[in-house]
1. Net charge within 15 Å of K24 by Cβ-Cβ distance, Lys/Arg positive one each and Asp/Glu negative one each, not counting K24 itself?
2. Take the residue pairs K82/K108; K10/K126; K82/K126 and return only those whose Cα atoms are more than 22 Å apart.
3. Shape call for the chain from the C-alpha gyration tensor, a ≥ b ≥ c root eigenvalues: rounded (a/c under 1.5), prolate (a/b greater than b/c) or oblate?
4. Apply the Karplus parameterisation 6.51 cos²θ - 1.76 cosθ + 1.60, with θ equal to phi minus 60°, to every residue of segment 79-90 and state each ³J(HN,Hα) to the nearest whole Hz, in sequence, with x for glycine and proline.
5. Measuring with a 1.4 Å probe in the full set of protein chains, what accessible area per residue, in whole Å², belongs to the chain?
6. Identify which of I56, I22, I47 has the largest mean-square fluctuation in a Gaussian network model of the chain, with springs joining Cα atoms closer than 10 Å.
7. Along the Cα→Cβ direction, 7 angstrom out, place labels at S69 and D8. What is the inter-label distance in nm?
8. For S133 and L27, what is the calculated FRET efficiency with R₀ set at 25 Å and r taken between the beta-carbons, to the nearest 0.05?
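The values are calculated or read from the model by the stated rules, or taken from the named source; none is laboratory data. As the structure is a computational prediction, the values presented were derived from the model and not from experiment. Cβ coordinates were reconstructed from backbone atoms using ideal geometry, including for glycine residues, and neighbour counts include every protein chain displayed. Note: accessible area is taken over every heavy atom of the protein model, side chains too, but ligands, DNA and RNA are not part of it. Shrake-Rupley method; radii C 1.70, N 1.55, O 1.52, S 1.80 Å.
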Amino acid sequence: MTETTQLDPKVQKLVEHAADCISKLDLEAALKFYEKAVTLAPDNTDIIDAASELCIQVGRSEDALKLCSRSIELRPDENPAKYMNLGQLLAGHESVAAFSKGMELMHKELNQAQQAGQDLKTIKQKICSGYCSLTEMSQPNPAFASQL
């Protein structure tokens, strides 16, 4: 969690239970804990982003889209991952716009890390992955070539 506010003890317990479920690869159970946490802390974008990520992983795209949108509404200039997730959920120009915003935020993080003298490897890996996602989107999928 990166938000500076202290979590309510009930919410903290739910997040801990979710993390435990994730470590056991029980994503559905983890998502239930995060959904409860979101209802108790509806403006906590760290929790919203974690729930959104799990929704994507378990195939609940509509719920993920709602959560990503809420997180962006609350804190549009934080956590590039929410934009990368949103890019996966959208199509066409909207998808490219979401990925581009995520890339913009990652480059800001890179610049801040450079100025602070921090290790840049992880951020550079995320940026590389983001460019790969953008490239994949722009390439035609051979599996659908017969439908063109």
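1. -3
2. K10/K126
3. oblate
4. For segment 79-90, the Karplus curve yields 6, x, 4, 5, 6, 5, 5, 4, x, 5, 8, 9 Hz.
5. Accessible area per residue, the chain: 63 Å².
6. I22
7. Output for this residue pair reads 2.5 nm.
8. So, using R0 = 25 Å, E works out to roughly 0.70.
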